[in-house]
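Data first, discussion second: the structure below is written as structure tokens.
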Amino acid sequence: MTRYYKTPKLKFSALVSLIAWGYVILFTVWMVLRLLFFDRFWWLAVINTLALYLFVPLLLLLPLALLWRRWKAFLGLCFPLGVFIALYSPFFLPHSVTVSPIEKTFTAMSFNMLFSNTDYDAIANVIETSTPDIIGIQEVPPNGDAVWIKRFSSDYPNFAFRPVEDGHNVGIMSRFPIESVTMLPNSPMRRALSAAIRVDTDKRLQVIVSHLTPNYPIEKLIQLASEWFARRANEVNYIRSLVKQRSVPTIMLCDCNYVNTSEAYARTHEVMKDSFREVGWGFGHTALINEYFRAARIDFVWYTQELQAIEARVIDGGGSDHLPIIAKLQF
């Protein structure tokens with residue numbers, strides 16, 4: 001009687017197929033839950049926040065399925081691959097922008113400086129090399145406004161800072177005249193202000209500087225995540241109403257603490273455009289885990305439809321755990 005034995009090669013290829021199908025099934029379950037509930041449940045919201053990393057297994061499984069000729073598994077893996085392309089291809093496609101030679105342009109930066117960051121030389125270097133016209137600052141510490149004003153007021157003579165509560169707050173500095181400033185209400189906007197800026201004789205702009213509820217401290221994720229996401233959803237709803245009531249073009253310079261696969265992002269995107277998505281390139285991650293690893297893009301320059309984005313990029317440096325993001329916009 002002839003006996004047949006599976007070679008290690010066959011065993012390994014079968015294992016690859018098994019893992020691939022397990023991954024496809026779990027991925028499909030996530031997609032169904034996302035379509036049905038989006039961020040309704042905190043644990044699903046956390047998964048949606050980490051969505052980019054759900055595609056990492058593709059880097060290993062797709063080549064292995066090809067190598068071992070597991071064609072059915074390969075076809076199954078094309079589903080998550082297609083979802084990745086749908087979600088992230090806009091960040092890697094070339095952009096065509098028509099720039100008017102007569103309309104006013106300006107640059108705006110959003111920068112979470114980190115409340116404990118005292119490397120003002122690094123901050124100054126970022127600002128001096130990128131020369132934004134308007135800077136929205138988050139995590140300004142106590143007396144940080146005095147330091148900013150002393151260091152940068154010659155270039156940015158117009159400024160406003162929200163009084164520091166619970167360790168830090170937000171501020172704005174501008175080359176253009178600031179006509180009025182509104183400190184947005186603590187409920188729901190804990191850290192935010194709105195400034196009316198005259199960019200040109202007949203060009204006015206509303207600038208919102210905001211720091212939405214963070215996912216912090218991470219060790220209290222299970223305990224507090226539901227509260228974080230609910231609070232941030234309320235903040236986004238308030239911003240939406242503010243933008244809908246605008247009388248002039250509006251931008252928002254924001255440490256939003258959400259990513260482009262979250263429901264909060266989708267809700268914001270219904271009333272404003274994401275400058276980096278429109279004209280940036282790459283993932284554009286701004287949140288730093290350490291000097292080698294950028295985790296996510298949670299800082300934004302948003303704008304309304306009366307404006308158009310010409311350029312958008314993330315800038316290295318600044319001494320913070322966030323990288324500044326800057327956009328060139330035109331009326």
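The values are calculated or read from the model by the stated rules, or taken from the named source; none is laboratory data. Bear in mind the structure is a predicted one, so any value in this text is a computation, not a measurement. Neighbour counts run over all protein chains shown; Cβ positions are idealised from the backbone, glycine included.
Numbers below:
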quantity: One residue from Phe111, Phe91, Phe115 being aromatic (Phe, Trp, Tyr), touching a residue at least 40 places away in the same chain (Cβ under 8 Å), touching a strand residue (DSSP E or B) at 6+ places or on another chain (Cβ under 9 Å) and within 16 Å of Ala327 (Cα to Cα); calculated: Phe111
quantity: Qualifying position, being in contact with a strand residue (DSSP E or B) (Cβ under 6 Å, 6 or more places away or on another chain), under 24 Å from Glu179 (Cα atoms) and of a type outside the set (S, T, N, Q), among Ile208, Ile298, Ile239; calculated: Ile208
quantity: Number of positions in the stretch 84-111 that are modelled with pLDDT under 95, over 17 Å from the mean Cα position of the chain (by Cα) and over 13 Å from Leu307 (Cα atoms); calculated: 6
quantity: Those residues of the stretch 222-236 which are touching a helix residue (DSSP H, G or I) at 6+ places or on another chain (Cβ under 7 Å) and surrounded by 15 or more Cβ atoms within 10 Å (Cβ to Cβ), in sequence order; calculated: Ala225, Phe229, Arg232, Ala233, Val236
quantity: Of the criteria (1) out of contact with any helix residue (DSSP H, G or I) (no Cβ under 9 Å at 6 or more places or on another chain); (2) closer than 29 Å to Ile218 by Cα; (3) buried (at least 18 other Cβ atoms within 10 Å of the Cβ), which one Ile289 fails; calculated: (3)
quantity: Tally, over the stretch 124-145, of residues that are at pLDDT below 95 and under 20 Å from the mean Cα position of the chain (by Cα); calculated: 0
quantity: Matching entry among Glu270, Glu219 (being modelled with pLDDT under 95 and surrounded by fewer than 20 Cβ atoms within 10 Å (Cβ to Cβ)); calculated: Glu219
